[in-house]
Amino acid sequence: MKRKLEISELIFKIISYTLLIIFALCCLYPFLYAISSAISGEHAVEYGEIVLLPDFKSLQFEAFGDMFSNNDFWNSYSNTLFLTLYGTLWSMLTAILGAYALSKKRLLFRKSFNFFLVFTMWFSAGIVPQYLNYIATSSVFEAIGITDDKWLVVIAMGMAAMNIILLRNAFEGVPSEIEEAAIVDGATEMQVLTKVYIPMSKSTIATVALLFAISRWNGYFWARQMIDNPNEYPLQVFLRNQVENFQDGEFTQGWNRVYAPDSAIYALVVCSIIPILIIYPFIQKYFAKGVNVGGVKE
Amino acid sequence: MMKAKAADFILYDQATGTYRIDPEQAVRDDVEKHHWLHVGRTVLKDWRLYLMLVPMLLVFLLWRYLPMYELLGCFKVGDPARVVPVNDQAFAGFSNFKLLLTGGNDMRMSYEFWQAMRNTFLLSFYGLCFGFPMPIILALFFNEVRSNAARSVLQVLTYIPKFMSTVVMTSLIIMLVKEGSTTGTGNELGGVISQLMVKLGMISRDTASTGLLREPAFFRTIYQVSGIWESAGYDSIVFFSAIIAISPTSYEAAQIDGANKWAQMRYVVLPSILSTVVIMLITRIGHLLMVGYEKVLLLYDVDNTLTTADVVSTFAYRNGGMGGGGESNPGLASAAEMMNNVVGMLLVIGANTIARKATNTSLY
C-alpha cells in the first residue's frame, strides 16, 4: 500500500514539473526569440535560421542603433511617459478620494453611488457611442482652450470601477477606532485620509497604482482614435504603425541595411517591454496580492 | 429609501447590559423623516466628504454614462457623410434593428451582423472550454512544487505575458506566424511558429507561406492559444491560493486512509477549491459576450478572415465611421452594440444572481 502511494505521487510530480517548465519556457520564448532576432544579421533572420539563440557569426546592433537615432521613437517614448505619469496621478487622485467617501457608512445614498459605479461594469455603451462622446468632449475641451489631445486621453480614459472597489474594500478594512482617535485629536477629514487611511492600506494603493500605470503604459486603442497629431502618438501606436508598414511592404522597399526589416520590428518590441520587465520583479508580488483581495465581497 | 430591520439599529452594550439606538441609524431616520431639507443639511455639514466624491462621479458621468445617451443613436439615422451629435439625427424607430436582424434591403449587413454575433459567442465559448480549465490545472501543478524558490520563479515567469500590451502581443503573433517570402530571397515558410508547425506536420507548406493569419480556419486557434499563453499563469493565482489554504492535516488523514494521489485530488483538493471554481466559472459565463475588441482588431484581416474573426465590436467599428474609410452609419453600429451589450448585461446579472444563491457570495 505504502509503495503504491509513492509511485502515484512520483508520477504526478514528474508530470507537473515537466509541464510547468515547458509552459514557463513557452511564456518566455517569444521574448527571447525577439531579442535574438533583433541582434542577428540580415541573412540569418531572412532565412529563418534563428530558433532560440542569436546567430553569433553575424551579430549586429544597428537595428537598435538606428531606432535610438530615430526621433519619432523618442517622441513616442516621452509621450507614453507623459500619459503614464499624469494618467496614473489623475486616476489615483479621483479613485482614492471617491473610494474614501464610499467607504464611509455615514455617506448618504451610499448604495446608489455604489450602484452607479458597478453598473458600468455590467453595461458599457460600446465603442462607437464612446467614440462619438469623446469627439463631443474634445470639442468642448478645445472651446475651453485645451487643444492638446493628450490631456483628453489623460482625463477621460483609463478609469476602472473595479480599481475603485478594490480601494474601497481596503479602506473599509481600516479599524474605525483609529479614525475616531485621530478625530478626537482634532484631525480634519483630509488629514484622516492622508495620515490614517492611506498609510494603513499602502499595499492595496500600490497595487491599484500599478494596475493604472500598466494600463496607461499599454493603452493603445483610444490613444490611436483620439490623438490626431503623429508627434503625440504614444509608443504602442508607434509600434503598431511600424508593424502595419512592415505588413504592407512599405518598410522593405529599397531596404539596404545589415539587418533584416524583421529585426527593426523586434528591436522596437524589445524596447517597448524593457521598462515593464525592469520593474516587473519588484511589482509582481503586489499583483499576486491584488488579485486575491479582488472584487469578491462577502 | 430602504426600510431597515430593527436589529440593524439597536445595539446591545455588553458592559452595561443595556440596549441603545445606533447613532448612525438615528441620522438616517432623521433624514428620512424630514427628507430633502435634512438631506441638504446633512450634506452641508459633511460637505468635505461629498466634495471628495465629485471628481469620480464626474468622470463616470461624462465618459461612462453620456455614451449611453449617445447609444440612443441606435433609434436614429445619422448622416453617413459626417459625424453628427445624436440630438441632430432623424428618428428612425427600430429600422436599424430590423435591418440588422432580418436584412430588409441590405442582406449583406444582416449576414455580417449575425456572423459577428456568432463569432463573439464562439470566441468566448471556446475560451470557456479551453481557457478556463488551464489555470486550474496550472495551480494543481504549482502545488506539487515543494521548493518555494523554484515555484516562485516558475510562477513569475508565467505571469509575464499578462503585463505585455495587446499591441506587443499581437505584434509578436504577427511576426511569429507571418507569411513566407515570395521573392525567392528568404524563408518561404514564414515565421518561426509556422516553420515548427510544418515540421510537425500540422499545416501544409502552402498554408504556412500564405501566413496563418490570412486563413480563416486558424483564427480561433490562434486567438485561444495566445489567450492561454497570455493569462493562464496569472489566472492560476486565485486557484493556487485556494489550494494552499487547504490544511495539511486533510492530506494526512486521506493518506492514512490509503488514498493515493488521484484519490487525494478527487476527495481533498477538488472539494476544497470547488467554491472558487464555481465563482470563477459563473463570472466567466457572465462575461460571455464581452470579447476584447482590441486583440481582434489588431489580429484580424479585413479582406480574408472576417468569417471567423469579426466580432460585434469590430463590426460596429468598421460600420460606425471609426478607423476612417468606407461609409459610416453610427446608428446601425450603435444598434449592433446595443443588442450585444444588453444581452451581455442580462448574462452578468443572471450569473451574479446565481452566484449569490449558490455560494452566498456576491461578485460586486
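Just so it is clear, none of the values below were taken in a lab; they were calculated from the coordinates. Computed from a prediction, not measured in an experiment: that's the story for all the values here. Virtual Cβ from ideal backbone geometry, glycine too; neighbours counted across all protein chains shown.
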Being out of contact with any Asp or Glu (no Cβ under 6 Å at 6 or more places or on another chain) and more than 7 Å from chain B (Cβ to nearest Cβ) is the filter; apply it to region A:96-112 and report the residue that is nearest to residue A:150 (Cα to Cα). A:96
Within region A:212-243, track down each residue that is assigned to a helix (DSSP H, G or I), at the interface with chain B (Cβ under 8 Å from one of its Cβ atoms) and either more than 28 Å from residue A:162 (Cα to Cα) or of a type outside the set (Val, Ile, Thr) (or both). A:217, A:218, A:221, A:225, A:236, A:239, A:240, A:243
Would you pick out the residues in region B:283-322 that are over 20 Å from residue B:169 (Cα atoms), within 12 Å of the chain's Cα centre (by Cα) and assigned to a helix (DSSP H, G or I)? B:283, B:284, B:285, B:286
Suppose we filter A:194, A:252 for residues that are β-branched (Val, Ile, Thr), facing another protein chain (nearest Cβ under 10 Å) and over 17 Å from the mean Cα position of the chain (by Cα); which single one remains? A:252
Would you check which residues across region B:274-314 are over 30 Å from residue B:246 (Cα atoms) and β-branched (Val, Ile, Thr) and list them? B:291, B:296, B:302, B:305, B:307, B:308, B:311, B:312, B:314
State the number of residues belonging to region B:147-170 that are surrounded by 21 or more Cβ atoms within 10 Å (Cβ to Cβ), free of Cβ contacts under 8 Å to residues at least 12 places away in the same chain and not hydrophobic (A, V, I, L, M, F, W, C). 1
Just checking: which of the helices (runs of 4 or more DSSP H) contained wholly in region A:1-107 hold 1 or more residues that are in contact with a Phe, Trp or Tyr (Cβ under 9 Å, 6 or more places away or on another chain), of a type in the set (Ser, Thr, Tyr) and crowded, with 19+ Cβ neighbours inside 10 Å? A:2-38, A:71-103
Do we find a residue being farther than 18 Å from residue A:107 by Cβ, away from chain B (no Cβ under 12 Å) and surrounded by fewer than 22 Cβ atoms within 10 Å (Cβ to Cβ) anywhere in region A:119-126? no
Considering each residue of region A:153-191, count those that are within 26 Å of residue A:133 (Cβ to Cβ), part of a helix (DSSP H, G or I) and within 10 Å of another protein chain (Cβ to nearest Cβ), and give that number. 6
Lone unmet requirement of (1) within 19 Å of residue B:304 (Cα to Cα); (2) of a type in the set (Asp, Glu); (3) in contact with a Phe, Trp or Tyr (Cβ under 7 Å, 6 or more places away or on another chain) for residue B:179: (3)
Would you call residue B:213 exposed (fewer than 15 other Cβ atoms within 10 Å of the Cβ) and part of a helix (DSSP H, G or I)? no
Can you name the condition, by its number, that residue B:206 falls short on among (1) more than 10 Å from every other protein chain (Cβ to nearest Cβ); (2) touching a residue at least 60 places away in the same chain (Cβ under 8 Å)? (2)
